[in-house]
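Encoded as structure tokens, the structure appears first; notes follow it.
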Amino acid sequence: MSRWRWSKPDRRLVVLGLCGLICLTVAGSAWGAGNRFDGVYTGKRSLTKGPTPLCLREEDVSVTIHGNTLTFTNSALKKFTIGFNPFSEGTFGTIYNDNGGRTVFIQGHITGDTIDADIVNAPCEHHWHLQKKH
């Protein structure tokens, strides 16, 4: 009975080939996920927690997703860009720390053409409900 024997160089080539295939598969799905969500989304952000008038009750929000960036505009910030790395099913989350020591938490989900996200920018907490423009 003969066994299939692989030399060390052959084994290394097979292992390297499998690792390369796995990396390409993961990278391809990540690239595809970002492009799938690209577009301009508009809607409202609504206050869920926080003191008024410090925290606006409701205002218009515009979000543009392009690749791994999310750029948003509201009454206080214009074209503010942060990193954006959603999972393939549409969930995303990020923490942004500015130079002044303020922290903003954004956690949300994209379903079809809709973004629903919760934003915590102490002492204010808001919810985004946005629709993709076609």
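The values are calculated or read from the model by the stated rules, or taken from the named source; none is laboratory data. Computed from a prediction, not measured in an experiment: that's the story for all the values here. Neighbour counts run over all protein chains shown; Cβ positions are idealised from the backbone, glycine included.
Details
- Subset of region 98-134 [small (G, A, S) and surrounded by fewer than 17 Cβ atoms within 10 Å (Cβ to Cβ)]: G100, G101, G112, A122
- Filtered residue count, region 44-63, keeping only those that are β-branched (V, I, T), surrounded by 13 or more Cβ atoms within 10 Å (Cβ to Cβ) and modelled with pLDDT under 95: 0
- Test: residue in region 91-98 that is outside any strand (DSSP E or B), in contact (Cβ under 8 Å) with a residue 12 or more places away in the chain, among the aromatic types (F, W, Y) and touching a Leu at 6+ places or on another chain (Cβ under 9 Å): no
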